[in-house]
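The values are calculated or read from the model by the stated rules, or taken from the named source; none is laboratory data. Nothing here was measured: the structure is a model prediction, and the numbers come from that model. Quick reminder, even Gly has a Cβ in these numbers, built from the backbone with ideal geometry, and neighbours come from all protein chains shown.
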């Protein structure tokens with residue numbers, strides 16, 4: 001399956017299975033090296049980063065879902081978002097480049113209208129393309145989602161949604177519409 005087609009498919013399926021609504025945010029981590037069949041961080045590719053970003057953004061924009069893009073470990077997995085989606089107190093000063101941040105994060109920074117970097121972020125759902133470890137940027141209770149398409153190129157794709165914690169024990173009653 002071609003990269004654009006695979007990326008669109010996983011984004012659409014995530015939206016459906018996670019029940020994402022307008023105003024929610026999805027965190028994306030992507031290794032272009034892994035997509036190309038190489039070890040993470042070893043063969044980054046700007047063109048693939050751009051292709052993945054544009055494909056994802058088109059799906060999420062159609063649904064009013066905001067994207068948050070995770071940088072690589074060289075930037076401590078900072079997050080790139082549109083300023084409108086940022087909490088001002090979390091903004092840090094860094095511009096991702098292919099060598100520090102990664103090709104996908106650099107593409108996001110270049111393509112967003114008013115990008116900022118954040119140190120801390122908590123998303124409603126996430127896509128991890130190539131083992132980038134997005135879990136630290138998901139809300140507290142993450143629920144795995146099994147996707148029909150689970151690869152982009154050679155990269156394994158994992159997905160998750162989040163839900164509020166269930167509290168109260170055996171006598172508690174929960175609202176099924178919230179989960």
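Quick grid of which residues meet (1) touching a helix residue (DSSP H, G or I) at 6+ places or on another chain (Cβ under 9 Å); (2) surrounded by fewer than 18 Cβ atoms within 10 Å (Cβ to Cβ); (3) closer than 14 Å to residue 27 by Cβ; (4) in contact (Cβ under 8 Å) with a residue 12 or more places away in the chain:
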| site | (1), (2), (3), (4) |
| --- | --- |
| 101 | yes, no, no, yes |
| 140 | no, yes, yes, yes |
| 160 | yes, no, yes, yes |
| 170 | no, yes, no, no |
| 177 | no, yes, no, no |
Report task. Could you please give the count of residues in the stretch 58-67 that are part of a helix (DSSP H, G or I) and touching a helix residue (DSSP H, G or I) at 6+ places or on another chain (Cβ under 7 Å)? Result -> 3
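Yes/no matrix, rows are residues, columns are (1) part of a strand (DSSP E or B); (2) surrounded by 19 or more Cβ atoms within 10 Å (Cβ to Cβ); (3) in contact (Cβ under 8 Å) with a residue 12 or more places away in the chain:
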{"site": "69", "(1), (2), (3)": "yes, yes, yes"}
{"site": "74", "(1), (2), (3)": "no, no, yes"}
{"site": "81", "(1), (2), (3)": "yes, yes, yes"}
{"site": "104", "(1), (2), (3)": "no, yes, yes"}
{"site": "107", "(1), (2), (3)": "no, yes, yes"}
{"site": "120", "(1), (2), (3)": "no, no, yes"}
{"site": "174", "(1), (2), (3)": "no, no, no"}
Query - Residue within the stretch 128-145 that is closer than 16 Å to residue 40 by Cβ and in a strand (DSSP E or B) present - result: yes
Query - Members of the stretch 13-24 that are in contact with a helix residue (DSSP H, G or I) (Cβ under 7 Å, 6 or more places away or on another chain) and either surrounded by fewer than 20 Cβ atoms within 10 Å (Cβ to Cβ) or part of a helix (DSSP H, G or I) (or both) - result: 15, 22
Query raised in the report: Any residue in the stretch 146-155 that is under 20 Å from residue 67 (Cβ atoms), touching a helix residue (DSSP H, G or I) at 6+ places or on another chain (Cβ under 8 Å) and outside any loop (DSSP other than H, G, I, E, B)?
Result: yes
Query raised in the report: For residue 135, which of the numbered conditions (1) surrounded by 15 or more Cβ atoms within 10 Å (Cβ to Cβ); (2) closer than 22 Å to residue 32 by Cβ; (3) without any contact (Cβ under 8 Å) to a residue 40 or more places away in the chain fails to hold?
Result: (1)
Query - Identity of the residue in the stretch 91-102, in contact with a strand residue (DSSP E or B) (Cβ under 8 Å, 6 or more places away or on another chain) and part of a loop (DSSP other than H, G, I, E, B), that ends up nearest to residue 52 (Cα to Cα) - result: 102
Query raised in the report: Here are some residues: 27, 40, 10. Which one is under 16 Å from the mean Cα position of the chain (by Cα) and either farther than 22 Å from residue 145 by Cα or in a helix (DSSP H, G or I) (or both)?
Result: 10
Query raised in the report: Of the conditions (1) under 14 Å from the mean Cα position of the chain (by Cα); (2) surrounded by 19 or more Cβ atoms within 10 Å (Cβ to Cβ); (3) in a helix (DSSP H, G or I), residue 51 fails just one. Which one is it?
Result: (1)
Requested in this report: Scan (1) modelled with pLDDT of 95 or more; (2) more than 20 Å from residue 122 (Cα to Cα) for the single condition residue 39 breaks and write down its number.
Outcome: (1)
Requested in this report: Scan the stretch 83-94 residue by residue and report those that are touching a residue at least 12 places away in the same chain (Cβ under 8 Å) and out of contact with any helix residue (DSSP H, G or I) (no Cβ under 6 Å at 6 or more places or on another chain).
Outcome: 83, 84, 85, 86, 87, 90, 91, 92, 93
